[in-house]
Amino acid sequence: MWERLFKKKDIEQLLREANNEQAGFKRTLSVWHLVALGIGAIVGTGIFVITGQAAADYAGPALTISFVISAVACVLAGLCYAEFASMLPVSGSVYSYSYATIGEGLAWFIGWTLILEYLFACASVSVGWSGYMLSLLDRWNIHLSPLLSRPTFDHLPTGEWVLTGSLLNFPAFFILTIITLFLLGGIRQTAWINNLVVIIKVSVILLFVAFGISYIDPGNYVPYIPENSGQFGVYGWSGILRGAGVVFYAYLGFDALSTTAQETRHPQRDMPRAILISLSICALLYVMVTFVLTGIVNYKELHTDAPIALAIDRAGEGLSWLGPFIKIGAIAGLSSVILVMMLGQSRIYYAIAKDGLLPKVLARVTPQGVPRNATLLAGLLSTLFASLFPLHVLTEMVSMGTMMAFCIVCVAVVVLRHTRPDLSRPFKVPFVPYLPLLGALICMAQMISLPGSTWTRLGVWTVVGCMVYIFYGRKHSTLS
């Protein structure tokens, strides 16, 4: 049993499988497709949804510092992803990297955590999409029934779960269904749609920054770092750290990018470039938008699912013309995030199933290069969670899963440098082991700052994952 946990996949065999044209995936993505996918995944919930709640609950105007802290950690993790993606251009992201470097046990654990990460990312972003869509419909005097506009459950600060009286969050259910149907059309169609949406949402974001800066009230920045409430993580420097942990998942896109390596024309050259370019662009956009947002609206009033829409409304007549564009841009932007997260989620199911740790039916690929069953499962589960649960519960779980994945990939780079120094590395992380270990430490510090209830839910998810591995994966693994 214990030997199995540390049994590794042969790296040369892994590369042969990835290069086998009979594997089903089509290599159609260029470096600019990848950059657009990265921006499409990263720029979304972090700007359009999470900024408001993280500023109101944790960091205040100093959320800009939180985004910088998270960006530093993500650059360090991004360097590690870039090395692995150039060395092992396979689907499966950190799951595949762990299987080849550390062993099956940790690979299963991180694969199970990646499922958590992408599943809750899809669900949380669709809930944010729902908030903006409802706001836009209200502007047009179209009002959806409360029975169809809120999640079924809510989690109170006291720790209680309560029924909201709503049947389901129908807008979230709707967008996830549409995205699933798009993904079934293939990677070429998916990339084309994503490129169009990225142009729309980045243009809208730049419009908000350019015109919104003249409506900033300097008084909203005082105090820039609100005094700690006496509770760890609520304002003060501990609030900045917790805010960094919560918004960390806003940089999730480059992680999803690595799951498309087997569909990239020149993955060893283009994947590292795309990861670092998309991450740099998005970090700059996040800091600019957060600065303008907290300058227009006092941070205490930003606890809403649609903070930028609120800022436009508060600015009055001068920015009212921008309101519909912002809401449409947010809806389009969040749609592209869901698209890429769903794409990544289906590829994770495919990679794990190909190794036998999940049912093989999820590893079937159509002649068009689509893992149909894995895509349908991703759509079904994401729709279920988005319809039932509130935004704050979903985002905390995504942050935890993301940071854990980043920790492992940083450590795995150091391990593989010692165990397989002979491997070809078209891209190398500088200053190993110092930079990867620093990235791992920053991620762990942010994980510790998250609420205890998030750790409890992660523990439950892990126990379920262990049971699945013991009773199914261990017996059906291709390494058996």
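Okay, residues lined up against (1) surrounded by fewer than 24 Cβ atoms within 10 Å (Cβ to Cβ); (2) under 21 Å from Tyr99 (Cα atoms); (3) touching a strand residue (DSSP E or B) at 6+ places or on another chain (Cβ under 9 Å):
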site	(1), (2), (3)
Met341	no, no, no
Tyr349	no, yes, no
Ala353	yes, yes, no
Gly356	yes, yes, no
Gln368	yes, no, no
Arg372	yes, no, no
Ala378	no, no, no
Phe385	yes, no, no
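Can we say Leu167 is surrounded by fewer than 19 Cβ atoms within 10 Å (Cβ to Cβ), part of a loop (DSSP other than H, G, I, E, B) and touching a residue at least 24 places away in the same chain (Cβ under 8 Å)?
no
Any residue at all in region 107-130 that's buried (at least 24 other Cβ atoms within 10 Å of the Cβ) and more than 18 Å from Gly401 (Cβ to Cβ)?
yes
Is it fair to say Asp270 is surrounded by 22 or more Cβ atoms within 10 Å (Cβ to Cβ) and over 20 Å from the mean Cα position of the chain (by Cα)? Before the answer, list the steps.
Values: surrounded by 22 or more Cβ atoms within 10 Å (Cβ to Cβ): yes; over 20 Å from the mean Cα position of the chain (by Cα): yes.
Here the answer is yes, as Asp270 does meet what is asked.
Out of curiosity, is Arg474 charged (D, E, K, R) and either over 17 Å from Thr113 (Cβ atoms) or modelled with pLDDT of 90 or more (or both)?
When the stated conditions are applied, Arg474 passes them.
Can you tell me which residue in region 437-469 is surrounded by the most Cβ atoms within 10 Å (Cβ to Cβ), limited to those that are modelled with pLDDT of 90 or more and farther than 24 Å from Val411 by Cα?
The extreme case among them is Val468.
So which of Gly333, Gly295, Gly316 ends up being touching a Lys or Arg at 6+ places or on another chain (Cβ under 7 Å) and either among the basic types (Lys, Arg) or farther than 30 Å from Lys9 by Cα (or both)?
Residue meeting the stated conditions: Gly333.
For (1) among the small types (Gly, Ala, Ser); (2) without any contact (Cβ under 8 Å) to a residue 12 or more places away in the chain; (3) out of contact with any helix residue (DSSP H, G or I) (no Cβ under 6 Å at 6 or more places or on another chain), each residue gets a yes or a no:
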{"site": "Val162", "(1), (2), (3)": "no, yes, yes"}
{"site": "Ile187", "(1), (2), (3)": "no, no, no"}
{"site": "Asn195", "(1), (2), (3)": "no, no, no"}
{"site": "Ile213", "(1), (2), (3)": "no, no, no"}
{"site": "Asp217", "(1), (2), (3)": "no, no, yes"}
{"site": "Val222", "(1), (2), (3)": "no, yes, yes"}
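Taking region 237-257 on its own, how many of its residues are within 16 Å of Thr402 (Cβ to Cβ) and either among the β-branched types (Val, Ile, Thr) or touching a Pro at 6+ places or on another chain (Cβ under 9 Å) (or both)?
Within region 237-257, residues that are within 16 Å of Thr402 (Cβ to Cβ) and either among the β-branched types (Val, Ile, Thr) or touching a Pro at 6+ places or on another chain (Cβ under 9 Å) (or both) number 3.
Checking Trp321 against (1) more than 24 Å from Ser382 (Cβ to Cβ); (2) among the aromatic types (Phe, Trp, Tyr); (3) touching a residue at least 60 places away in the same chain (Cβ under 8 Å), which test does it fail?
Trp321 satisfies all of (1) more than 24 Å from Ser382 (Cβ to Cβ); (2) among the aromatic types (Phe, Trp, Tyr); (3) touching a residue at least 60 places away in the same chain (Cβ under 8 Å) except (3).
Can you tell me how many residues in region 175-199 are surrounded by 17 or more Cβ atoms within 10 Å (Cβ to Cβ), over 19 Å from the mean Cα position of the chain (by Cα) and within 30 Å of Ala315 (Cβ to Cβ)?
Looking only at that region, the number is 0.
Examine region 160-169 for a residue that is at pLDDT below 90 and within 21 Å of the chain's Cα centre (by Cα), and state whether such a residue exists.
Yes, there is a match, as at least one residue in region 160-169 is at pLDDT below 90 and within 21 Å of the chain's Cα centre (by Cα).
Give the residues of region 88-115 that are of a type in the set (A, V, I, L, M), touching a Lys or Arg at 6+ places or on another chain (Cβ under 9 Å) and at pLDDT 85 or above, sorted by residue number.
If the condition is that a residue be of a type in the set (A, V, I, L, M), touching a Lys or Arg at 6+ places or on another chain (Cβ under 9 Å) and at pLDDT 85 or above, then Ala107 is the only one that fits.
Using the structure shown, decide if Leu37 is in contact with a strand residue (DSSP E or B) (Cβ under 9 Å, 6 or more places away or on another chain) and among the aliphatic types (A, V, I, L, M).
yes
Given the conditions (1) under 24 Å from Ser96 (Cβ atoms); (2) surrounded by fewer than 18 Cβ atoms within 10 Å (Cβ to Cβ); (3) aromatic (Phe, Trp, Tyr), and given that Tyr434 satisfies all but one, which numbered condition is not satisfied?
Of the numbered conditions (1) under 24 Å from Ser96 (Cβ atoms); (2) surrounded by fewer than 18 Cβ atoms within 10 Å (Cβ to Cβ); (3) aromatic (Phe, Trp, Tyr), the odd one out for Tyr434 is (1).
What residue, among those in region 383-426 that are among the hydroxyl-bearing types (Ser, Thr, Tyr) and modelled with pLDDT of 75 or more, is farthest from Pro171 (Cα to Cα)?
Residue satisfying both the conditions and the ranking: Thr419.
Output the qualifying pairs, or none if there are none: Cβ atoms under 7 angstrom, residues six or more apart or on different chains, first residue in region 100-125 and over 21 Å from Phe254 (Cβ atoms), second residue of a type in the set (S, T, N, Q) and outside any helix (DSSP H, G or I).
Glu104/Ser477
In region 224-241, which residue that is free of Cβ contacts under 8 Å to residues at least 40 places away in the same chain, of a type in the set (Gly, Ala, Ser) and within 20 Å of Ile65 (Cα to Cα) is surrounded by the most Cβ atoms within 10 Å (Cβ to Cβ)?
The residue in question is Gly236.
The values are calculated or read from the model by the stated rules, or taken from the named source; none is laboratory data. Just so it is clear, the model here is predicted, and its values are computed rather than measured. Backbone-built Cβ (ideal geometry, glycine too); neighbour counts: all protein chains shown.
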